[in-house]
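The values are calculated or read from the model by the stated rules, or taken from the named source; none is laboratory data. Because the structure is predicted, anything quoted here is derived from the model rather than measured. In this analysis, Cβ positions are derived from the backbone assuming ideal geometry, glycine residues included, and neighbour counts consider all displayed protein chains.
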Ligand SMILES: NC(=O)c1ccc[n+]([C@@H]2O[C@H](COP(=O)([O-])OP(=O)(O)OC[C@H]3O[C@@H](n4cnc5c(N)ncnc54)[C@H](OP(=O)(O)O)[C@@H]3O)[C@@H](O)[C@H]2O)c1
């Protein structure tokens, strides 16, 4: 059996990833988001606000249960937010807090418990953190978002290093940038005020010129990596290079 734990499954890339996983005959998908939009015999939903770390702490032991028939177990930390697109000096403090809780703290907690639960198993195990190209360079108005994705990349690097140091086999960790994908997040980007984000026109052009990928195409690329981890040695990956 293949088990997929995916955050942010109510829409966008996370929904496409969950739906792609459910195309496999032997898949069980466990999804996490505040809303639920997938109904399927082999899909289990946990309605949770992942930025509420105390709720996550209370529930987490019920997520990563013993999976004695598992051949593959995958955690995809996909849920994320752009946060308050503003320059420093104007950002609401609570928004800074919420962004890092969702984009960094929740994935770190989920990784911690996933590794604890499944480290000693023989099944193939993969953690994928959905990163962004902007983990590598600054974008004005996106301070928290860029920094959170850089942090997620480093969480992935350290987890991979630790598994290697402990000689854990058959367990990979990746931080994978998805490219530019036609989701609610892109719609939200196009609504921000240009004085808070100098790249607004460029992002509007991506949409009008058809440069945005469909989430199902993106999910297909993530599954190419999941199905062929031997082809992907580096922790940091970008689907645009596949
Ligand atoms: N779209 C792009 O071009 C692009 C580019 C680079 C990276 N990414 C990354 O790809 C990932 C998915 O983005 P997307 O474009 O698919 O975004 P999206 O359409 O806005 O979807 C975000 C998902 O995250 C969930 N989510 C948001 N806040 C949550 C919370 N507090 N607790 C639990 N779940 C929450 C949402 O569900 P609920 O609202 O139901 O909770 C939704 O399912 C993100 O990590 C994003 O940074 C996207």
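Quick notes on this one:
- Applying the criterion of being in a strand (DSSP E or B) and surrounded by 24 or more Cβ atoms within 10 Å (Cβ to Cβ) to the residues of the range 6-31, the residue that is farthest from the ligand (Cβ to nearest atom) is 29.
- Scanning the range 139-163 for residues that are part of a loop (DSSP other than H, G, I, E, B) and either within 15 Å of the ligand (Cβ to nearest atom) or at positive phi (or both) yields 139, 141, 142.
- Residue in the range 227-242 that is under 15 Å from residue 78 (Cβ atoms) and surrounded by 12 or more Cβ atoms within 10 Å (Cβ to Cβ) present: yes
- Scanning the range 169-209 for residues that are exposed (fewer than 13 other Cβ atoms within 10 Å of the Cβ) and within 18 Å of residue 16 (Cβ to Cβ) yields 184, 187, 188.
- Residue in the range 32-51 that is farthest from the ligand (Cβ to nearest atom), counting only those that are touching a helix residue (DSSP H, G or I) at 6+ places or on another chain (Cβ under 8 Å) and touching a residue at least 24 places away in the same chain (Cβ under 8 Å): 43
- The single condition among (1) in a helix (DSSP H, G or I); (2) within 20 Å of residue 33 (Cβ to Cβ); (3) under 13 Å from the mean Cα position of the chain (by Cα) that residue 80 does not satisfy is (1).
- Helices (runs of 4 or more DSSP H) contained in the range 164-237 and holding at least 1 residues closer than 18 Å to residue 80 by Cβ, at pLDDT 95 or above and touching a strand residue (DSSP E or B) at 6+ places or on another chain (Cβ under 8 Å): 215-227
- Pair list, Cβ < 7 Å and 6+ apart or interchain, from the range 115-134 residues that are under 16 Å from residue 226 (Cα atoms) and outside any strand (DSSP E or B) to residues that are modelled with pLDDT of 95 or more and within 16 Å of the ligand (Cβ to nearest atom): 131/149; 131/152; 131/153; 131/175; 131/176; 131/177
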